[in-house]
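The values are calculated or read from the model by the stated rules, or taken from the named source; none is laboratory data. All figures in this text were calculated on a predicted structure; none of them were measured in a lab. Don't worry about glycine lacking a Cβ; one is built from the backbone with ideal geometry, like all the others, and counts go over all protein chains shown. The accessibility values were calculated without ligands, DNA or RNA, using every heavy atom of the protein model including side chains. Shrake-Rupley method; radii C 1.70, N 1.55, O 1.52, S 1.80 Å.
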Amino acid sequence: MNNTKRNSAVASEFKFENTQNTSGKSYARILTGDRPTGPLHLGHFCGSLKNRVALQNIYDTFILIADVQALTTNFDHPELLRQNIFNVALDYLAVGIAPEKSTIIIQSMINEIAELTIFFSMFVSINALKHNPTIKTEAKERGYKELNYGFLGYPVSQTADIAIFKADLVPVGIDQLPHIEFSRKIVRRFNELYGGALIEPEALLSEFPKLIGLDGNLKMSKSYGNAIFLSDDFDTIKSKIRTALTDKSRIHPSDPGHPDICTIFSYHKTFSESGLTKNIEHDCIAGSIGCVQCKNNLHESIKNILIPMNEKRQYYKERASEVWDILFAGTNKAKKIASETLKEVKENMKINY
Ligand code: SF4
């Protein structure tokens, strides 16, 4: 059996197999989340948020706002976390994450995660972390010459995030499978050493379409300055779209274009109705549409997607205490599970004094 098959699961398998599992869940639990390092953008929407809105109807969905993990790279500005957590929560609620279906958790309020991380870190080798492909790639992307302890160890704390809530599944793209395999190894080792208190998580293989950046970069990212944020107003979005990279060889609207190399066209494929997208493709190749018109059309398509989100965002923005109540309620619910798991962990380790 190949890695992909062994480590992945599909909704139907788990929905029914886990109808009565050890942690009293009625259906499989998934854990997912974000670091609150800034507002979420259209890349997040296509890459994960849309998927979560669908998954919350099938799974017991836990979404972690990983503020401690955000400190691995933003330790010098902890004061920004509070606002970032609030903004990420607003983004969640705006896209349709429903508090009655999804449990939204503030990571730093679950101190059990930190304790479990410490226990895991006793048997995870430094070499395994140094050679972890995600750590290597991220360190390279961020230009780190020397790694701090928290950054190097974050796959360990991420495993604790998953294990403490007894999550069965973690929605990931195929490129993140090594990450889940790493977590599985840690949990397996723990269970071998101390008995099976923890659930070995599986990957819930999902499609995470990547949205390219406005500048044509393969990834839309806040740090690259090439993102359209879900919270941007429509005028800002319009001016951002205006700057996006198109087919450079087109000087006049009548010049035949190449939509396949155009950022705007890739967005049309994602956000516009198929009829409009087909017409744009045809007209661009035929040289019968100008880029300004094409960009205006895209602006309308994105607007149509964001209008209902903006209504929800506005509702919650005016009710900040309601947003914090949602976060605290989710965190309290999760904390009960975390403290039960930690109790079991300590019993198994025979350190329940
Ligand atoms: S018409 Fe549209 S698809 Fe064609 S190059 Fe211009 S922006 Fe891109």
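Residues to consider are 80, 116; find the one that is in contact (Cβ under 8 Å) with a residue 60 or more places away in the chain and in a helix (DSSP H, G or I). Give the derivation first.
Numbers: 80 fails: in contact (Cβ under 8 Å) with a residue 60 or more places away in the chain.
Sole residue among the options that is in contact (Cβ under 8 Å) with a residue 60 or more places away in the chain and in a helix (DSSP H, G or I): 116.
When the helices (runs of 4 or more DSSP H) confined to segment 202-294 are screened for residues that are without any contact (Cβ under 8 Å) to a residue 60 or more places away in the chain, within 11 Å of the ligand (Cβ to nearest atom) and not charged (D, E, K, R), those reaching at least 2 such residues are found at 263-271, 274-286. Only one of the listed residues (70, 66, 98) is without any contact (Cβ under 8 Å) to a residue 60 or more places away in the chain and crowded, with 18+ Cβ neighbours inside 10 Å. That residue is 70. Could you check, for segment 139-147, whether at least one of its residues is open to solvent by less than 30 Å² (accessible area, probe 1.4 Å), modelled with pLDDT under 95 and outside any loop (DSSP other than H, G, I, E, B)? Within segment 139-147 (the criterion being open to solvent by less than 30 Å² (accessible area, probe 1.4 Å), modelled with pLDDT under 95 and outside any loop (DSSP other than H, G, I, E, B)), the answer is yes, since at least one residue qualifies.
Can we say residue 189 is under 30 Å from residue 28 (Cβ atoms), in contact with a Pro (Cβ under 7 Å, 6 or more places away or on another chain) and of a type in the set (D, E, K, R)? Here the answer is no, as residue 189 does not meet what is asked.
For segment 251-275, a residue qualifies if it is open to solvent by less than 60 Å² (accessible area, probe 1.4 Å) and over 14 Å from residue 241 (Cβ atoms), and the qualifying residues are 255, 257, 259, 275.
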